[in-house]
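Below: the structure, in structure tokens.
The values are calculated or read from the model by the stated rules, or taken from the named source; none is laboratory data. Quantities reported herein were computed from a predicted structural model and do not represent experimental measurements. Please note: Cβ atoms are built from the backbone with ideal geometry, for glycine as well, and neighbour counts cover all protein chains shown.
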Amino acid sequence: MPSGHGTRVLDVRGALDSPAVQAALAEAAAVLRAGGLVAFPTETVYGLGADATNAAAVAGIFAAKQRPFSDPLIVHIANSEALSTCAQQIPETAWLLAERFWPGPLTLIVPRGDAIPTQVTAGGATVGVRVPAHPVARALLRLAGVPVAAPSANRFMHTSPTTAAHVLDDLDGRIDCVLDGGPCAVGVESTVLDLLAQPPRILRPGGVTLEALRALLPTLQGPSAEHDVATAVLADGGAEPTGAPLAAPGQFERHYAPHTRLLVYDAQGTAALTALRSAAQEALSRGARVGALLTTEDAAALADLPLSVAPLGTSADVAGLARAIYAALRALDEQSLDLLLAHTVSDAGLGLALNDRLRRAAGGVFQRADEAEG
Ligand code: TXA
Ligand code: MG
């Protein structure tokens, strides 16, 4: 993949132990140790990494993403044992969860250890930590030998990247290199679990499901149903760490968003199809160009309408829908359409994370299926 603006693209799609991949990993690890910025694949989305123990390197992440310092970063480690190097007073439940779900898409919020500068945690006393499952991410972390702070490798509030090309679309020339490991397998971010809340609480639904977590932690609270976090915090976007992290960091209601207006109808089955059809017809009658995120079944049912369709796969495979969602949003966004349409899925399993991302991509609100959009 060519890049004209100074970001090196290193292909790591071959066998992990091949000389070419090993050389790419060694180069990227050296960039990290030297305080540079490396985008790398994880099983969820691509991350934008920097040495988490190097405050200046971490500041570079915020600059590249144009992310406010008030939004803390997740620290990635090579294995569970490294948790003690980033955290202190680690609750017993953290070890139980780590044993069951790491490596994997679960981020644990625990008390911050002294090795992690407050730039990583938005000035807060807690830190989010996870062991990613992607073999490239794990090899990179082992070679770098430091914990790696990494948010998703997109411009702040934009759709998360699930390929190296997505990373370059947002950050080419702003970061040192990207490891191209092909498309991400999960496709939505990790579940963020606050272990310091009593009882523990999901702050962001993600790749590890609520059901799977409750099997181990029956009292676990689901994500808050109130979507009341002020987007006003964005006003202090470039501020230095103030010692006052966001009440619910990163949970901006507008997030993961395409540039094109997106309406998401909170309905499934026939009700969803009826709502999408009437919204599409209304917009088309005004001369608008309309795109839709559709399952194979939806696309067949709406095939008579002149829609630009981003296919998400069969509705029976929610993991497939999650894997496809961000690439589909980006693909539709590139077509200069006037309106994008989608609908929710059942909240079961990965559906909870998928619906969360759809809602935020739509600016924090769902449309009711029984109301025509005006
Ligand atoms: O799957 C993922 O989690 C990806 C890959 C790269 O690992 N990373 C990711 O990072 O999604 P980011 O920065 O885009 O989202 C991290 C989320 C944000 O909502 C942030 O506010 C929250 O985790 N978070 C991080 N540290 C936190 C803390 N100490 N307390 C509460 N929330 C925290
Ligand atoms: Mg993100």
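So that you can scan it fast, the table gives a plain yes or no per residue for (1) more than 15 Å from ligand 2 (Cβ to nearest atom); (2) modelled with pLDDT of 95 or more; (3) farther than 24 Å from VAL31 by Cα; (4) among the hydroxyl-bearing types (Ser, Thr, Tyr):
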residue: ALA52; (1), (2), (3), (4): yes, yes, no, no
residue: ALA55; (1), (2), (3), (4): yes, yes, no, no
residue: ALA59; (1), (2), (3), (4): yes, yes, no, no
residue: LYS65; (1), (2), (3), (4): no, yes, no, no
residue: PRO91; (1), (2), (3), (4): yes, yes, yes, no
residue: TRP95; (1), (2), (3), (4): yes, yes, yes, no
residue: GLY104; (1), (2), (3), (4): yes, yes, yes, no
residue: LEU108; (1), (2), (3), (4): yes, yes, yes, no
residue: ALA115; (1), (2), (3), (4): yes, yes, no, no
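Filter the range 345-374 down to the residues that are buried (at least 19 other Cβ atoms within 10 Å of the Cβ) and touching a strand residue (DSSP E or B) at 6+ places or on another chain (Cβ under 9 Å) and list them by number. Listed by number, the residues that qualify are LEU352, ALA353, ASN355, ASP356, LEU358, ARG359, ARG360, ALA361, ALA362, GLN367, ALA369. Of all residues in the range 1-42, those that are surrounded by fewer than 19 Cβ atoms within 10 Å (Cβ to Cβ), more than 17 Å from LEU168 (Cβ to Cβ) and not hydroxyl-bearing (Ser, Thr, Tyr) total 14.
ALA215 passes every criterion in (1) crowded, with 23+ Cβ neighbours inside 10 Å; (2) farther than 26 Å from ARG112 by Cβ apart from (1). Only residues that are under 21 Å from the mean Cα position of the chain (by Cα) and more than 12 Å from PRO151 (Cβ to Cβ) were counted in the range 41-56, giving 3. In the range 228-242, the count of residues that are within 16 Å of ligand 2 (Cβ to nearest atom), surrounded by 13 or more Cβ atoms within 10 Å (Cβ to Cβ) and at pLDDT 95 or above is zero.
Taking the range 90-196 and the strands (runs of 3 or more DSSP E) fully enclosed by it, the elements with 1 or more residues that are more than 30 Å from LEU358 (Cβ to Cβ) and within 13 Å of ligand 1 (Cβ to nearest atom) are at 106-111. Taking the criterion of being in a loop (DSSP other than H, G, I, E, B) and closer than 14 Å to ALA272 by Cα, the residues of the range 319-374 that qualify are THR344, VAL345, SER346, PHE366, ARG368, ALA369, ASP370, GLU371, ALA372, GLU373.
Filter the range 106-156 down to residues that are aliphatic (A, V, I, L, M), over 22 Å from GLU43 (Cβ atoms) and surrounded by fewer than 20 Cβ atoms within 10 Å (Cβ to Cβ), then give me how many there are. Talk me through it step by step, then tell me what you get.
Of the residues in the range 106-156, the ones aliphatic (A, V, I, L, M) are 106, 108-110, 115-116, 120, 122, 125, 127, 129, 131, 133, 136-137, 139-141, 143-144, 146, 148-150, 153.
Applying the additional criterion that residues be over 22 Å from GLU43 (Cβ atoms) yields 115-116, 122, 125.
Retained after the next criterion (residues that are surrounded by fewer than 20 Cβ atoms within 10 Å (Cβ to Cβ)): 115, 125.
Looking only at that region, the number is 2.
For residues that are within 19 Å of the chain's Cα centre (by Cα) and among the β-branched types (Val, Ile, Thr), scanning just the range 58-85, find the one that is surrounded by the most Cβ atoms within 10 Å (Cβ to Cβ). Among residues in the range 58-85 that are within 19 Å of the chain's Cα centre (by Cα) and among the β-branched types (Val, Ile, Thr), the one surrounded by the most Cβ atoms within 10 Å (Cβ to Cβ) is VAL75. Condition first: away from ligand 2 (no atom under 16 Å from the Cβ), of a type in the set (A, V, I, L, M) and in contact (Cβ under 8 Å) with a residue 60 or more places away in the chain. Now tell me which residues in the range 69-88 satisfy that. ILE77, ALA78, ALA82 - these are the residues of the range 69-88 that are away from ligand 2 (no atom under 16 Å from the Cβ), of a type in the set (A, V, I, L, M) and in contact (Cβ under 8 Å) with a residue 60 or more places away in the chain.
Could you list all residues from the range 255-282 that are over 27 Å from PRO161 (Cα atoms) and buried (at least 19 other Cβ atoms within 10 Å of the Cβ)?
Residues satisfying the conditions are ALA272, LEU273, ALA275, ALA279, ALA280.
Evaluate the following for THR85: is it under 16 Å from ARG214 (Cα atoms), part of a helix (DSSP H, G or I) and β-branched (Val, Ile, Thr)? No, not satisfied. Scanning the range 159-170 for residues that are surrounded by fewer than 23 Cβ atoms within 10 Å (Cβ to Cβ) and within 13 Å of ligand 2 (Cβ to nearest atom) yields no hits at all.
Take the range 182-201 and flag every residue that is away from ligand 2 (no atom under 15 Å from the Cβ) and crowded, with 24+ Cβ neighbours inside 10 Å.
Looking only at the range 182-201, we keep the residues that are away from ligand 2 (no atom under 15 Å from the Cβ), and these are 182-183, 185, 193-201.
Selection gives LEU193 alone.
For the range 253-271, taking the residues that are aliphatic (A, V, I, L, M) and closer than 16 Å to ILE325 by Cβ, the one that is farthest from ligand 2 (Cβ to nearest atom) is identified as LEU263.
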